[in-house]
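Just below is one structure, and these are the notes that go with it.
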Amino acid sequence: MLYSVSNWKDVVQPALQSKKEEFHMLGYINVTEETIWEYLLENERTWKKRVHLHKVVQDILHLKMSDYMNRLTINSYIDLEAKSRSGNQLASILEDIENTRSARSEG
């Protein structure tokens, strides 16, 4: 049967739990069922709007820790870059405010 991927989350919960427990046994205790599901939604380009249940379960059970960790690392670099850019913007705004304040006090 074909269903929307979001409809399968509750059905595949045992597979998500199994994969989470596998990762925990390997020492990755911060992995949750939700983060595994988010990873799969983000990375499974083969999942169209509709997919067979067996494909979802297969993708969960075949997920490699290295692939999961690589994606987390890339996402953390992206977040760091975004924060860095927003920090630079904040510094620029604060500099503009200081320049405006200095110009007013001089004038």
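The values are calculated or read from the model by the stated rules, or taken from the named source; none is laboratory data. Keep in mind that this is a model prediction, so the values were computed, not measured. Here the Cβ positions follow ideal geometry from the backbone for every residue, glycine too, while neighbour counts run over all protein chains shown.
The residues of segment 52-87 that are of a type in the set (Lys, Arg) and within 16 Å of Leu26 (Cα to Cα) amount to a single one, Lys64. For Val56, the criteria (1) modelled with pLDDT of 90 or more; (2) surrounded by 14 or more Cβ atoms within 10 Å (Cβ to Cβ); (3) part of a helix (DSSP H, G or I) hold in every case but one, which is (1).
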